[in-house]
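Note sheet for the following structure.
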Amino acid sequence: MRTIGYFLIVAAVVALAHPLSAQVGALYGKIMGEDGKPLAGATLTMVNNDSGRQYTMKTDKKGEFVAVNVPAGLYHVTITQDGKVVYEALGKAVRADNDLNFDLAKEKASAKEREMQGLSGEQRRKIAEEQQAQEKERQNIGSMNELLAKAKAASDAGDFPSAESSIRQAIQIDSSRDLLWGRLGETYLSAAAKAGSDHAAATEDYNQAADAYRKAISLKPAEAGYHNNLGQALGKLGNTDEAAAEYTTAAQLDPSRAGMYYFNLGATLTNAGKLDEANAAFDRAVAADPTRTEAYYWKGSNLMNKATLDKAGKVVAPPGTAEALRKYLELDPSGRYAPAAKEMLASIGEKIETTYTKGKSK
């Protein structure tokens, strides 16, 4: 601070004694960024502390700049890049016909050192602890990302035990990350699907998945995807009512994807044999997303399961059956369930349309 004061006093004396004798000349310089590379395309703005005159220069691809007719003195210097201030000094001494270089990495280190010198021992201790904590956090994030990458590679290869092991190692580093528990739940769901007919193994995996998603939800309750996936695991375990509650919560949390969540609810209820409740869910699915074509098919299929035979042996389907199946064919005439939909329509004596256009049959 004494150095800056000295220059301020001298500048004032010179200005008063010799107002027309200020040195003026060319100014050359280079700006190096914090990364040690030339700061290209940066704007250097210098405002003379005495006259208030402003000088603005732009650096070239080498980080260099040049200006002429710049008087010596103290300046308020600002360096900006992409509209962001990257350096600022209120009393920068500038001499005429002299290089003016900036090394932002060194400037930043010097600023931190000056800041630390003005702090008490307790303040410096706290800053050091914060820096250590930040560095540890950075290292932990790097380690967790590496483990997640290993888990993904293992999952892609169908090696779910290895994937589980990697994710659990990541959880040991920081168990407060909902993402880790969510990835663990995904791994168990995939393992359960692979188990197939091995009912005991699949059940164990679904239970593990449910536990993982409950933990993820406890950490981030508003994540709709966790509730949806928990609903899937619970549905596979036969806990239909709990699954329904989770799917409904997901739809409420994320209305933009409510069509998918209600469709999943309908599928779970269908598998549980609760056809009326399932169809109500399919109705909500198409209300939220009219293009959710398979909801129409499954509604029609569920209604067909309630069909009866009249005295003449003719199949009598409940009201709405034909409409649901026709809507499916209208929206997806070549879809995966199109042959089955046509077969069901034919079984109840309905005419089969051969071509459809979106929103209109012909």
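The values are calculated or read from the model by the stated rules, or taken from the named source; none is laboratory data. Keep in mind it's a predicted model, so treat the numbers as computed, not measured. Using ideal geometry, Cβ is built from the backbone for each residue, glycine included, and neighbour counts are taken over all protein chains shown.
Annotations for the structure displayed:
- Candidates are the residues of the range 272-295 that are polar (S, T, N, Q) and modelled with pLDDT under 95; the one that is surrounded by the fewest Cβ atoms within 10 Å (Cβ to Cβ) is Thr291.
- Just one of (1) surrounded by 18 or more Cβ atoms within 10 Å (Cβ to Cβ); (2) closer than 30 Å to Ser165 by Cα fails for Leu265. It is (2).
- Top-ranked residue in the range 91-106 [being more than 40 Å from the chain's Cα centre (by Cα) and in a strand (DSSP E or B); ranked as nearest to Gly63 (Cα to Cα)]: Asp99
- Among the residues here, Asn98 does not qualify as closer than 27 Å to Asp50 by Cα, polar (S, T, N, Q) and either in contact with a His (Cβ under 7 Å, 6 or more places away or on another chain) or surrounded by fewer than 13 Cβ atoms within 10 Å (Cβ to Cβ) (or both).
- Positions within the range 273-318 being of a type in the set (Gly, Ala, Ser) and either part of a helix (DSSP H, G or I) or in contact (Cβ under 8 Å) with a residue 12 or more places away in the chain (or both), in sequence order: Ala278, Ala280, Ala281, Ala285, Ala287, Ala288, Ala295, Gly300, Ser301, Ala307, Ala317
- In the range 48-78, residue modelled with the lowest pLDDT [restricted to those that are surrounded by 16 or more Cβ atoms within 10 Å (Cβ to Cβ) and among the β-branched types (Val, Ile, Thr)]: Val70
Here's the yes/no breakdown for (1) in contact with a Cys (Cβ under 8 Å, 6 or more places away or on another chain); (2) closer than 21 Å to Ser166 by Cβ; (3) aromatic (Phe, Trp, Tyr); (4) free of Cβ contacts under 8 Å to residues at least 12 places away in the same chain:
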| site | (1), (2), (3), (4) |
| --- | --- |
| Glu186 | no, yes, no, no |
| Ser197 | no, no, no, yes |
| Ala212 | no, yes, no, no |
| Glu223 | no, no, no, no |
| His227 | no, no, no, no |
| Leu230 | no, no, no, no |
| Gly235 | no, no, no, no |
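- Residues that are of a type in the set (S, T, N, Q) and under 21 Å from Lys274 (Cα atoms) were ranked within the range 304-357; the one that is surrounded by the fewest Cβ atoms within 10 Å (Cβ to Cβ) is Thr308.
- Leading residue by the ranking (nearest to Gly33 (Cα to Cα)) among those in the range 64-89 that are over 35 Å from the mean Cα position of the chain (by Cα) and without any contact (Cβ under 8 Å) to a residue 40 or more places away in the chain: Glu64
- Count of the range 322-338 residues, restricted to those that are more than 35 Å from the chain's Cα centre (by Cα) and farther than 9 Å from Tyr297 by Cα, is 5.
- Here Lys152 fulfils each of the conditions (1) modelled with pLDDT under 85; (2) surrounded by 12 or more Cβ atoms within 10 Å (Cβ to Cβ) apart from (1).
- Selected residue (only one of Glu122, Glu107, Glu130, Glu135 is of a type outside the set (A, V, I, L, M) and surrounded by 11 or more Cβ atoms within 10 Å (Cβ to Cβ)): Glu107
- Looking only at residues of the range 146-179 that are of a type in the set (Gly, Ala, Ser) and touching a residue at least 24 places away in the same chain (Cβ under 8 Å), we find that the one that is nearest to Leu219 (Cα to Cα) is Ser176.
- Contact map, the range 30-52: residues that are closer than 20 Å to Pro71 by Cβ paired with residues that are among the β-branched types (Val, Ile, Thr) and assigned to a loop (DSSP other than H, G, I, E, B), Cβ distance under 8 Å, separation 6+ or inter-chain. Pairs shown: Leu44/Thr59.
- Those residues of the range 90-107 which are more than 16 Å from Leu39 (Cα to Cα) and of a type in the set (Lys, Arg), in sequence order: Lys92, Arg95
- Of the listed requirements (1) of a type in the set (A, V, I, L, M, F, W, C); (2) closer than 22 Å to Ala258 by Cβ; (3) in contact with a Phe, Trp or Tyr (Cβ under 9 Å, 6 or more places away or on another chain), Ala243 misses just one: (3).
- Filter pass, Arg138 being in contact with a helix residue (DSSP H, G or I) (Cβ under 8 Å, 6 or more places away or on another chain) and among the charged types (D, E, K, R): no
- Qualifying positions in the range 160-186 - farther than 16 Å from Arg214 by Cα, in a helix (DSSP H, G or I) and out of contact with any Ser or Thr (no Cβ under 7 Å at 6 or more places or on another chain): Pro161, Ser162, Ser165, Ser166, Gln169, Ala170, Gln172
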